[in-house]
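K.L.:
Following this message is one structure expressed as structure tokens.
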Amino acid sequence: MPPSDSAAERAINAPQGINARRVEATIVEKMPADTWLTVTQISRLIRAEEGRTRPRLNRLVREGKIERKRDQGNYGEVYLFRKLS
């Protein structure tokens, strides 16, 4: 059974979704082009919690707005992200 129009409307206007899209827009806006950054660096750049930033970064990777690579950090493997130019 497909969701009713009111259920779809609520999903679009859900505060969590609106906030998530706002955080994603902030990430894309503030990330420097062609510079690889860690999740921690991006969280500090946008002044948000690291736990909330990681899912937003993964969504942006899936949408093709930023790219991700795995690298070796001081304490093990880390993911680095950069905005596509």
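K.L.:
Condition first: within 11 Å of PHE81 (Cβ to Cβ), under 12 Å from the mean Cα position of the chain (by Cα) and not polar (S, T, N, Q). Now tell me which residues in the range 29-71 satisfy that.
P.N.:
Selection gives MET31, VAL39, ILE42, ARG54, ARG56, LEU57, LEU60, VAL61, LYS65, ILE66, GLU67, ARG68.
K.L.:
What pairs can you find where one residue is in the range 63-85 and more than 18 Å from ALA33 (Cβ to Cβ), the other is surrounded by 10 or more Cβ atoms within 10 Å (Cβ to Cβ) and among the basic types (Lys, Arg), and their Cβ atoms are less than 6 Å apart, with a gap of 6+ or different chains?
P.N.:
Matching pairs, first to second residue: TYR79/ARG68.
K.L.:
Name the helices (runs of 4 or more DSSP H) wholly inside the range 12-85 in which the number of residues that are surrounded by 15 or more Cβ atoms within 10 Å (Cβ to Cβ) and of a type in the set (Val, Ile, Thr) is 2 or more. Spell out the reasoning first.
P.N.:
On the way: elements: 15-30, 39-46, 50-63.
Filter on the range 12-85 gives 15-30, 39-46.
Read the figures in this text as sums done on the coordinates, not as results from a lab. Every value quoted in this text rests on a predicted model; they were computed, and no experiment measured them. Please note: Cβ atoms are built from the backbone with ideal geometry, for glycine as well, and neighbour counts cover all protein chains shown.
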